[in-house]
1. If you go through region B:280-316 one residue at a time, how many are more than 16 Å from B:Leu269 (Cα to Cα) and polar (S, T, N, Q)?
2. Against the definition (surrounded by 17 or more Cβ atoms within 10 Å (Cβ to Cβ) and at the interface with another protein chain (Cβ under 10 Å from one of its Cβ atoms)), how does A:Glu12 come out, yes or no?
3. With A:Ala231, A:Ala221 as the choices, which residue is more than 25 Å from B:Asp60 (Cβ to Cβ), more than 13 Å from chain B (Cβ to nearest Cβ) and in contact with an Asp or Glu (Cβ under 7 Å, 6 or more places away or on another chain)?
4. Would it be correct to say that B:Glu162 is charged (D, E, K, R), within 28 Å of B:Ser246 (Cβ to Cβ) and touching a His at 6+ places or on another chain (Cβ under 9 Å)?
5. Within region B:66-78, can you find the residues that are surrounded by fewer than 23 Cβ atoms within 10 Å (Cβ to Cβ) and either under 18 Å from the mean Cα position of the chain (by Cα) or within 13 Å of chain A (Cβ to nearest Cβ) (or both)?
6. Please enumerate the residues belonging to region B:264-284 that are more than 9 Å from chain A (Cβ to nearest Cβ) and either under 22 Å from B:Ile314 (Cα atoms) or of a type in the set (Lys, Arg) (or both).
7. Quick one: B:Thr61 ticks every box in (1) in a strand (DSSP E or B); (2) buried (at least 23 other Cβ atoms within 10 Å of the Cβ); (3) more than 11 Å from every other protein chain (Cβ to nearest Cβ) except a single one, so which number is it?
8. Out of the residues in region B:234-252 meeting the condition of being of a type in the set (A, V, I, L, M, F, W, C) and crowded, with 21+ Cβ neighbours inside 10 Å, tell me which one is farthest from the other protein chains (Cβ to nearest Cβ).
Protein chains: 2
Amino acid sequence: MLVIDEERIFEEIKRRKAKRVVMNAPDGLLNKVHNLSKKLERELGIEVIIVAEPSYGSCDTVDEEALKLNADVAFHIGHKISLPFLGKRTVFIDAYDDVSFKDVLEKALPLIKDFKRIGLCTISQHIHSLKEAKEFLEKMGKEVVIGKGKGQLLDGQIFGCEFYPVYSIKDEVDIFLFLGQSRFHAIGVALSTNKPTLMLDPYLKEVEDISPLVDERYKRAILSIYKALDAKNFGIIIGLKEGQLSLLRALQLKEKIKKFGRDVSLIALREVKDDRLLLFKDIEVFIQTACPRISLDDYHEKLVLSVPQAEALIALWEGKKIDDFLLKSHWL
Amino acid sequence: MLVIDEERIFEEIKRRKAKRVVMNAPDGLLNKVHNLSKKLERELGIEVIIVAEPSYGSCDTVDEEALKLNADVAFHIGHKISLPFLGKRTVFIDAYDDVSFKDVLEKALPLIKDFKRIGLCTISQHIHSLKEAKEFLEKMGKEVVIGKGKGQLLDGQIFGCEFYPVYSIKDEVDIFLFLGQSRFHAIGVALSTNKPTLMLDPYLKEVEDISPLVDERYKRAILSIYKALDAKNFGIIIGLKEGQLSLLRALQLKEKIKKFGRDVSLIALREVKDDRLLLFKDIEVFIQTACPRISLDDYHEKLVLSVPQAEALIALWEGKKIDDFLLKSHWL
């Protein structure tokens with residue numbers, strides 16, 4: 001069960017003498033946040049506004065909405081990062097999962113018997129479980145490595161788009177164990193490191209080898225690049241979410257692609273969805289700079305490339321090889 | 001066919017020595033805007049970014065996006081209002097429709113033979129056709145009234161949410177003729193004035209009596225109010241779009257509703273859609289302050305009241321009558 005760090009919210013409100021706060025969270029936490037908002041209003045006499053737009057990651061902070069709604073603080077709940085604060089108003093609030101990995105770790109043992117050096121990684125809500133998992137595996141005679149954090153990432157943590165703590169240790173380990181029920185993240189680990197990766201699901205207590213999914217994603221990603229080779233009309237999408245805005249990257253890509261005689265238009269969007277993209281009848285290929293996973297995981301009617309795919313496309317035009325285009329510490 | 005006032009765009013760019021501009025428009029105009037963006041880049045050497053979020057009305061300006069994208073001007077295309085500019089960067093650009101109302105006006109004559117005093121109204125793209133229609137009807141022996149504009153509305157113009165030019169003359173006319181292919185707007189005229197209203201569709205050259213639709217909308221709207229009478233848990237939605245933000249109204253409604261012993265939470269959203277609303281399991285009734293038409297025209301699984309419906313609900317709690325709750329010059 002996910003437990004929101006309410007204590008810190010109460011502390012921050014009191015410390016800042018906040019009168020109005022906004023809160024946002026992933027969909028799965030919204031009802032808890034709704035109850036919490038009532039508690040805060042009742043006990044502290046403040047005004048709470050829940051920003052109910054989709055929140056997929058720590059890129060979905062709502063500093064701008066807080067400003068707009070004249071709020072003193074923006075509590076972004078459920079995506080812990082290495083920083084306690086960001087922007088002028090955002091406070092990151094942890095929601096940790098109290099589920100145990102004990103059973104699923106035991107279940108994983110026979111599957112990793114041929115691997116000596118184990119890399120461990122996870123996402124925000126299970127960070128605290130890394131230590132327990134490491135100790136267990138070491139007791140079982142394994143060498144366990146947890147990669148150092150970097151930027152917004154804590155030790156052993158990965159995002160959907162950033163993988164420093166696994167990328168940096170990929171040559172020191174034989175296999176990665178991803179702690180959590182998220183194929184999405186486990187696939188990211190495997191694609192960015194090119195290492196065997198198992199997902200340890202603490203809820204179903206199942207160990208899943210995600211290789212087949214990784215193969216599918218990789219093939220689809222590379223096929224999209226080749227399909228885009230002869231296109232003439234490109235649309236580069238700039239994400240409007242505050243943590244996804246990458247104007248400079250979009251402008252750089254535009255210039256590069258124009259050099260190859262292509263027509264390039266710039267389009268700004270909040271959510272990159274087909275219903276908006278398909279309105280542009282003349283555009284054959286979209287390149288979106290908002291979030292790599294929109295291209296790698298979602299299905300689209302037209303080609304929608306991520307930044308690493310776009311860079312691979314340019315490399316192909318330049319006559320270079322592109323095999324390792326996803327083997328990177330981040331895909332932004 | 002809709003014709004964008006390109007000349008004014010060229011003029012404004014030159015006058016402001018703009019280097020980067022953003023443009024947004026209703027979906028139906030996006031391909032024209034896309035072509036225009038290429039022309040502007042080619043001929044003026046500037047950078048154009050198309051903001052491709054949905055644009056339903058003059059509330060969907062993108063001043064904030066222009067700031068975010070470091071653009072000098074935000075051209076909002078297709079919703080002419082009484083002001084040429086708004087905010088720090090927004091320039092309203094007209095897209096007028098060159099279709100003729102001659103045929104459909106003739107077709108309307110037998111249907112209005114029992115009405116002496118005719119009120120004329122329309123939307124942005126047909127404003128220039130009001131004069132021609134007035135002259136034609138006067139030649140046919142009718143008394144024709146075009147209501148004065150107010151606020152952002154030009155003479156004879158209506159929005160989906162504001163109706164001054166028809167509301168102010170409702171007692172001087174026997175019937176309204178709405179020029180345009182938009183049941184949505186014609187329904188607004190009828191509901192806000194309680195007058196017979198015909199829609200004159202210049203494309204299909206059909207005259208439509210929209211009374212049945214008006215009855216349906218009115219009944220549905222009033223039924224929703226009565227259904228909300230005994231609810232305990234309310235959610236008040238604040239629209240995050242720059243032209244829909246109504247924080248004060250939301251706060252006022254919250255205080256009023258709390259006085260009747262109800263639980264009220266504040267929720268901020270950009271697009272008010274069921275997939276977001278249904279996440280809040282405990283909320284029985286939503287009141288949204290973003291756009292009245294979201295409540296009156298769209299279908300929702302839970303109750304989603306507009307501001308006039310919410311005010312009617314409060315009136316009912318106070319023991320007052322509410323028959324005329326939509327008979328207003330605006331629904332905001």
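1. Total meeting the criteria: 1.
2. On the way: surrounded by 17 or more Cβ atoms within 10 Å (Cβ to Cβ): yes; at the interface with another protein chain (Cβ under 10 Å from one of its Cβ atoms): no.
When the stated conditions are applied, A:Glu12 does not pass them.
3. Numbers: A:Ala221 fails: in contact with an Asp or Glu (Cβ under 7 Å, 6 or more places away or on another chain).
Answer to the selection: A:Ala231.
4. Values: charged (D, E, K, R): yes; within 28 Å of B:Ser246 (Cβ to Cβ): yes; touching a His at 6+ places or on another chain (Cβ under 9 Å): yes.
Judged against the criteria, B:Glu162 is a match.
5. B:Leu67, B:Lys68, B:Leu69, B:Asn70
6. Once the filter is applied, which keeps residues that are more than 9 Å from chain A (Cβ to nearest Cβ) and either under 22 Å from B:Ile314 (Cα atoms) or of a type in the set (Lys, Arg) (or both), region B:264-284 yields B:Val264, B:Lys273, B:Glu284.
7. (1)
8. Taking region B:234-252 as the starting set, the residues that turn out to be of a type in the set (A, V, I, L, M, F, W, C) are B:234, B:236-238, B:240, B:245, B:247-248, B:250-251.
Pick out the ones that are also crowded, with 21+ Cβ neighbours inside 10 Å and you get B:234, B:236-238, B:240, B:250.
Details: B:Phe234: 12, B:Ile236: 9, B:Ile237: 8, B:Ile238: 7, B:Leu240: 6, B:Ala250: 9 Å.
Out of the qualifying residues, it is B:Phe234.
The values are calculated or read from the model by the stated rules, or taken from the named source; none is laboratory data. Fair warning: this is a prediction, and the values are worked out from it, not measured in the lab. FYI the Cβ positions are ideal-geometry reconstructions off the backbone, even for glycines, and counts take in every protein chain you see.
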